[in-house]
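> Before we start, here is the structure in question, set down as structure tokens.
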Amino acid sequence: MAGFQPKKEAIISAGIDIGTSTTKIIISRFSLMNVAGSTHVPRIEIVDKEILYKSPIFRTPLQDATTIDIKGVELIIRSQYEDAGIQSSDIETGAVIITGETATKQNAREIVHYLSREVGDFLVAAAGPDLEGIIAAKGSGTYDYALKTGRVTANIDIGGGTANIAVYKRDKLLGTCTMHVGGRLIEFKDSTVMSISPPIEQLLKQENKSLRLGDTNRHPDIKFIADFMADSITRVLAKEVKAEDEVLLLGHKPNWNEPVEAIMFSGGISECMYEQEITRPSDISYNDIGKQLAASLQSNRRLTEWDWIEPEETVRATVLGAGTQTTEISGATIQVAPDELPVKNVPVYKYSFHGHLEKGLAALGQSIKEAINIYDSFQEGQNFVLYLADLPYVGFKDIQKLARAILQVMELRHDPEQPILLVMQMDYAKVLGQTLLAMNARQSVICIDQINVDHGDYMDIGRALQSEVVPVIVKTLTFHSS
Amino acid sequence: MNEQLIQTITKLVVEKLKSNEVSQPSAGTADVQIKLHSKQATGALTELPPPENPNGKVTFHQTTSAKPEKKSAVHPQPAEKTISKQEEFIEELKKKTPSRIGVGRAGSRPKTNTWLQFRLDHAAAVDAVYGEVPDKILHQLDLFQVQTRVKDKEEYIRRPDLGRKLSDEAKELIKKRCAFSPSVQIVTSNGLSAKAIEENLEDVYLSLVQSLGNLGIETGTPFYVDKGRVALMDEIGDVLQPDVVVMLIGERPGLVSAESLSAYLCYQPRIGTIEADRMVVSNIHKGGIPPVEAGAYLGTLIQKILKYEASGVSLVKKEG
Ligand code: B12
């Protein structure tokens, strides 16, 4: 049978990382193939990822200190598409990640929507700090390392504004933590302090330090702050957060439950340590506390307790993760209404049957009402994905019961005409979708499986590909509140 | 001898052994005899923990001079931790296969519970071949029954060729009762596992019929053949002249599952059809492809066969 080559399909993915200080783009090509053999039930997987183009590292265009210049970003992206020889219509998947402090800025949402309209109808992810840490860990090589070795490995991605920590053991995410630790938290101009960010102001006050704008950049407090940040990271990694560290925490405390064994640094600060980039990013001045922070981390005694693993990517970890690690491929036996795709940014409501069909069906209506209250509290008709988990083994008549129940509860939505969006934890997507159609569901049905999602995630579902699968991007958290 | 009784007792013993295992705090003390063996040279060999992360050092070079000095190159790990890592690793591997791996051994032989489990599964396989499909199921699905040229189970096993031919009465009956020249003819047969039909037929069948209905594909009059073989579809094709035959048939039981069903499909099977033009979706059971999902998939697969007017290798070729 040597003559039969399994068919391959390729899709183009774009990754765009708009950080506090820098913006970069990556274009890659994924090859999809049926890995199950031509006569088996197909299983489509991404079998190869090839990076077609890596942009230079640009300074993020800002309108003012708190607003990203959307037009400026668009200009960069268009010029890079041109250099890469790519049309925006070629791009079928990918993610825009707005990282660091910029993600908290008011215009992050605007940018994401604007970009998905203007520079490619691809799937778009807006990052919150947790997702950012996860994506960086996948781009830096931490995820692969943890998968290969089984060691509990922390990725510490430090950019301009934040340090995003994600801890992995094999393919399991054990936890995340985000800190106000980054290069641009103190900036210099002409050898004097030009700006100090609010959390650092607070830290200075807490530690009775006197550093002020206009002070020389050799002021001893600067080293003190960098050392403090390094110590604080150490305490977070060891889960020994003290009261004085809390000014640097952004959101929750470290939440992993196993001791970290190895650490990897990525992000701009990591570039100061490893200097992997062949051409020094010309547009970047290190006119900030970044270099000092890198030095403080490298000389921190306690950090040597962990094994340091050199990352595969430093500054580009996040963009690489965004471009190559965010897309999942659904199972091949699914049911989708092609006209409804893509759907973007829909929240996921997880409903667990706890292994009991009847009990689960009995309580489904109540839970759906709750879901509607949470996600559509303004009664605007915000749709959601219903994720059906922990179903027992079911037969055909059970599937019919389930389908009937779903048709009923979906009518509870404020806009019941919207498509029914379902993700199945188990391999029942096609039969459930077909059963809904057989029951003459008045809505379109999108029912997919073999995707890892969880309660509270947001999902983008892309257009169906030739191989009859859909690309999916799952976002662990879109915008964190602030 | 009462086979039922033997089976019940074997089951009891296996369960008992299993429950003992669970209540033991650590795996190392689960079997006193093994402890004795492990004092010998061979035993000691198996106790050696594998080298930690043999690949790690190779792939992840640590090059920069700026990196801080490690206090010590080797992190001594407490012995206990190594074992738990190793156990964890074996658990990971076990999740990936239904094969009996990591089951340990007593000297050169399997442990008693492993051996008994094996015997039990083997017995279940034999039972599946010799069992019968309850009439109730065929009734519920409204399937009438016909025979092949095989007289009994022994002959069925010895003479596959007879399982590929309809009895004279069967030919008459299907001619009389079945719609002629449908798009799709569904045939079911116990084949080598009655248990497979008992457990899965209803779900695959109903889901398949629904799927074909959704796609607007017309089906003929389905029926059940006792003691059939896959290539029986050729003769059925000759008699009824359908475009596609899909045959839901019990697979030869294995030690992983004795109740696995296959769907064999062929575009216009007729006497003389070559094997390469058949195709199969196998492993339809609780632990494999869920039967309801298999039925839904088969519908779209049949749609493709009809579209390309080909199945098996010819379909792969035509699809290009
Ligand atoms: C027994 C067996 C065989 C025997 C069949 C002997 C015989 N004459 O009875 C032999 C060793 C010859 C065989 C050969 C092959 N087999 Co085989 N075989 C099986 C097995 C273990 C049981 C099948 C069974 O119970 N059938 C039911 C009984 C009632 O059918 P039967 O009428 O007695 O026998 C017919 C069928 O078994 C059929 N058959 C057997 N294998 C295959 C494979 C394909 C693709 C087709 C269309 C038909 C077919 O041919 C027999 C004669 O008509 C299954 C495992 C399983 N989980 O099902 C694999 C299995 C069906 N075989 C498989 C394969 C790949 C093959 C080969 C293509 C291997 C090769 N590369 O040459 C060939 C193709 C044979 C063909 N007929 O076209 C795969 C099919 C995978 C898939 N979905 O495509 C299976 C599922 C094993 C696996 N897990 O990989 N096989």
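The values are calculated or read from the model by the stated rules, or taken from the named source; none is laboratory data. Please read these numbers as outputs of a predicted model, since none were measured by experiment. Cβ sites come from the backbone with ideal geometry, for glycine too, and all protein chains shown count toward neighbours. For the accessible areas, the whole protein counts, side chains as well, though only heavy atoms, and no ligand, DNA or RNA atoms are used. Shrake-Rupley method; radii C 1.70, N 1.55, O 1.52, S 1.80 Å.
> For Cα pairs less than 8 Å apart in space and 6+ apart in sequence, what is the mean separation divided by the residue count of region B:130-319, i.e. the relative contact order in percent?
So the answer I get is 24 percent.
> In whole Hz, what ³J(HN,Hα) sequence does region B:238-243 give by Karplus (6.51, -1.76, 1.60; θ = phi - 60°), x for Gly and Pro?
Values per residue, Gly and Pro as x: 4, 6, 9, 6, x, 6 Hz.
> If contacts are Cα pairs under 8 angstrom and at least 6 residues apart, what is the relative contact order of chain A in percent?
Relative contact order comes out at 16 percent.
> Would you mind getting the accessible area per residue of the protein assembly as shown, heavy atoms of the protein chains only, 1.4 Å probe, in Å²? Don't skip to the end; give the middle numbers.
Working: 37260 Å² over 802 residues.
For the protein assembly as shown, the solvent-accessible area averages 46 Å² per residue.
> Here's a follow-up. Cα extents of region B:131-231 along the three principal axes, largest first, in whole Å?
42, 29, 22
> What is the percent carbon and sulfur in the accessible area of region A:333-466, measuring with a 1.4 Å probe over the protein chains and ignoring ligands? Let's see the in-between values first.
Numbers: 2540 of 5620 Å².
Answer for region A:333-466: carbon and sulfur cover 45 percent of the accessible area.
> Let me ask you something else. Can you work out ³J(HN,Hα) from phi for every residue in region A:436-446, in order, using Karplus 6.51 cos²θ - 1.76 cosθ + 1.60 and θ = phi - 60°, giving whole Hz and x for Gly and Pro?
4, 5, 4, 8, 6, 3, 7, 8, 6, 10, 10
> Could you put B:F89, B:F144 in order of accessible surface area, largest first, with the 1.4 Å probe and the full protein assembly present? Working shown, then result.
Values: B:F89 100, B:F144 20 Å².
Sorted by accessible area, descending: B:F89, B:F144.
> Let me ask something else. Round to the nearest 10 and report in Å² the accessible area of A:L213, as given by a 1.4 Å probe over the protein chains' heavy atoms.
110
> Give the cross-link partners of A:K223 among the aspartates and glutamates, using a straight C-alpha distance below 13 Å as the criterion and excluding same-chain residues fewer than 8 apart.
Excluding near neighbours in sequence, the set is A:D231, A:D288.
> For A:L52, list long-range residues whose amide hydrogen, built 1.01 Å from N in the peptide plane, is under 5 Å from its own amide hydrogen.
A:I27, A:S28, A:R29
> Round to the nearest 10 and report in Å² the accessible area of A:D231, as given by a 1.4 Å probe over the protein chains' heavy atoms.
The accessible area comes out at roughly 60 Å².
> Report B:E251's accessible area, 1.4 Å probe, all protein chains in place, as a number in Å² to the nearest 10.
Its accessible surface works out to 40 Å², give or take rounding.
> Return the value, in Å² to the nearest 100, of accessible area buried between chains B and A (probe 1.4 Å, both sides summed).
The buried area between B and A, both sides summed, comes to about 4000 Å².
> Ok, one more. Please name whichever of A:L432, A:Q379, A:H414 sits farthest to the positive end of the charge dipole of region A:355-482, dipole taken about the Cα centre and charges placed at Cβ: Lys and Arg +1, Asp and Glu -1.
About the Cα centre, the residue reaching furthest to the positive side is A:L432.
> Could you give each residue of region B:269-284 its phi-based ³J(HN,Hα) in whole Hz, using Karplus coefficients 6.51, -1.76, 1.60 with θ = phi - 60°, and x for Gly or Pro?
The phi angles translate into x, 9, 4, x, 4, 8, 4, 5, 8, 8, 9, 9, 10, 10, 6, 8 Hz.
> 7 Å from Cα along Cα→Cβ at both B:T112 and B:Q86: what's the point-to-point distance in nm?
Rounded to a tenth, the inter-label distance reads 2.5 nm.
> Pull up all non-local amide H partners of B:N283: gap of 5 or more, or a different chain, and H-to-H distance under 5 Å with H placed in the peptide plane.
Excluding prolines and chain starts, which carry no amide H, the hits are B:L261.
> A further question on this structure: Rank B:S257, B:L192, B:L215 by how far each Cα sits towards the positive end of the charge dipole of region B:130-319 (+1 on Lys, Arg Cβ; -1 on Asp, Glu Cβ) and give me just the farthest.
It is B:L192, whose Cα lies furthest towards the positive end.
> Take A:M33, B:M233 and sort them by solvent-accessible surface of the protein heavy atoms, 1.4 Å probe, largest at the top.
Order by accessible area, largest first: A:M33, B:M233.
> Give me Rg/Rg_expected for region B:130-319, where Rg uses Cα atoms only and Rg_expected = 2.2 N^0.38 Å with N residues.
In units of the globular-protein estimate, region B:130-319 measures up at 0.94.
> Give the ranking of A:Y458, A:Y53 by solvent-accessible surface, highest area first, calculated with a 1.4 Å probe.
Details: A:Y458 65, A:Y53 45 Å².
So the residues, ranked largest to smallest area, are A:Y458, A:Y53.
> What does the extension gain come out to for A:D339 and A:R404, with contour length at 0.36 nm per residue minus their alpha carbon separation? Could you put the intermediate results ahead of the total?
Working: separation 65, 0.36 × 65 = 23.40 nm, distance 2.35 nm.
Gain on extension, A:D339 to A:R404, equals 21.0 nm.
> Holding the Cα-Cα limit at 25 Å, pick out from A:K350/B:K85; A:K359/A:K475; B:K165/B:K195; A:K49/B:K318; A:K189/A:K291; A:K205/A:K242 the pairs that are longer than that. Walk me through the numbers before you get to the answer.
Details: A:K350/B:K85 32 Å; A:K359/A:K475 30 Å; B:K165/B:K195 23 Å; A:K49/B:K318 28 Å; A:K189/A:K291 15 Å; A:K205/A:K242 17 Å.
Listed pairs above 25 Å: A:K350/B:K85; A:K359/A:K475; A:K49/B:K318.
> Separate question: Ignoring any ligand, DNA or RNA, what whole percent of the accessible area of region B:130-319 comes from carbon and sulfur when the probe is 1.4 angstrom? Mind dumping the intermediate values first?
Working: 3660 of 7690 Å².
The C+S portion of the solvent-accessible surface of region B:130-319 is 48 percent.
> Mean projection of the alpha-carbon convex hull of region A:333-466 over all orientations, in nm²?
Averaged projected hull area, Cα only: 7.4 nm².
> Turning to a different aspect of this structure: Whose amide H sits under 5 Å from the amide H of A:L62, counting only residues 5 or more places off or on another chain, with H placed in the peptide plane?
A:D69
> Something else now. Mind listing the Cα extents of the protein assembly as shown along all three principal axes, in Å, largest one first?
For the protein assembly as shown, the Cα extents along the three principal axes come out at 104, 70, 54 Å.
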